[in-house]
1. So is T139 modelled with pLDDT of 95 or more and not small (G, A, S) or not?
2. Specify which of the listed residues (S49, S104, S23) is touching a residue at least 40 places away in the same chain (Cβ under 8 Å), hydroxyl-bearing (S, T, Y) and in contact with a Pro (Cβ under 8 Å, 6 or more places away or on another chain).
3. Which numbered condition trips up V125, out of (1) among the β-branched types (V, I, T); (2) more than 11 Å from the chain's Cα centre (by Cα); (3) part of a helix (DSSP H, G or I)?
4. State yes or no: is L165 part of a helix (DSSP H, G or I), more than 17 Å from S104 (Cβ to Cβ), of a type in the set (A, V, I, L, M) and at pLDDT 85 or above?
5. State which residue is nearest to V130 (Cα to Cα) when the search covers only region 19-62 and only residues that are assigned to a helix (DSSP H, G or I) and among the basic types (K, R).
6. What are the residue pairs meeting all of these: first residue in region 169-193, first residue at positive phi and assigned to a helix (DSSP H, G or I), second residue modelled with pLDDT of 85 or more and hydrophobic (A, V, I, L, M, F, W, C), Cβ atoms under 9 Å, and 6 or more apart or on different chains?
7. Before we move on, is F226 over 17 Å from T115 (Cβ atoms), aromatic (F, W, Y) and touching a residue at least 40 places away in the same chain (Cβ under 8 Å)?
Amino acid sequence: MTDSPVTPAPARPGPTGYGLFLSQLLSDREQFFTEVADGRDLGGKIARSLWTLVALLALYGAGAGAYAGWPQALSSAIKLPVLFLGTLAICFPGFFVIQVLVGSRLRLAQVLALTTGALALSAIVLAAVVPVALFFLLTGGNYYFLELLHVVIVLGAGLIGMVALHEGLAFACEKRGVYPKNAMTIMQVWAVLFAFVGVQMAWNLRPFVGDRGEPFKIFRHYEGNFYTAVIYSLQKLSKGEDKGKAPGLAPRERLDLPGGYRLPAPVYPDSAHGAQP
């Protein structure tokens, strides 16, 4: 009795187009770096990275601004993509020129594909933690806590993107020989510069979370800088203060009005108006 031939199961088609792009960024970055080093579909990768940046950063910005209402949510949804793309536009030209000067053989489109891909990965991470941010918004609503939470999340996502960029350039250096080893230090310095420029731009574009106790404005100009603002928020959070909620003042005497109505008299802080009897 002869065995009947076994027909092999047809191979399942893998993801294509945008699905392939997301799959490579999340779980197969070596293949992504290989295609960039080979110059394959650079325009498509850059376009998909930019679309991912704009869409997912807008989603996260809307979630952050929802604390202060829909005008702030809309404003933050526009400003967060502007923050990342503006920082990229400021920092990328110098980065590329320095790479060329130290011996990089990566073309402009290749470096741009690596950089935008890394930032797209940061945007994906931000979109993934939107439910976490909304959870704390709905269950807590403390302004200072939310402000610090978003700072930590955005900085963490940016760090993940810079690590991915470092991996891509290291791959080009070790396996393709088109990127010099001495340029890796320059890339690390550039990542720090990118962070500082991004922080300063975020300070100029604030607010992103918004203050429920103040009327909506697209931009607010406060004294100080980002670092003093973070320290101030930490101090307020440690004291248990919630911005936008007026502290309750216990009345010490009442005012009699015609008709038998009685209203509490205003009580002022001792430091401002002297001790009350």
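The values are calculated or read from the model by the stated rules, or taken from the named source; none is laboratory data. These numbers were taken from a predicted model, which means no experiment stands behind them. Cβ placement follows ideal geometry from the backbone for every residue including glycine, while neighbour counts extend to all protein chains displayed.
1. In short, no.
2. None of the other options fit; the residue is S104.
3. (2)
4. Judged against the criteria, L165 is not a match.
5. First, pick out the residues of region 19-62 that are assigned to a helix (DSSP H, G or I): 19-27, 29-38, 42-62.
Imposing the further condition that a residue be among the basic types (K, R) reduces the set to 29, 45, 48.
On the way: R29: 24, K45: 25, R48: 21 Å.
Per the stated criteria, the residue is R48.
6. Listed by first residue and then by second, the contacts come to nothing, as the list is empty.
7. No.
Rundown of residues vs (1) touching a Lys or Arg at 6+ places or on another chain (Cβ under 6 Å); (2) loosely packed, with under 12 Cβ neighbours inside 10 Å; (3) at pLDDT 50 or above, yes/no style:
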position: F194; (1), (2), (3): no, no, yes
position: L205; (1), (2), (3): yes, no, yes
position: P215; (1), (2), (3): no, yes, yes
position: Y222; (1), (2), (3): no, yes, yes
position: V230; (1), (2), (3): no, no, yes
position: K239; (1), (2), (3): no, yes, yes
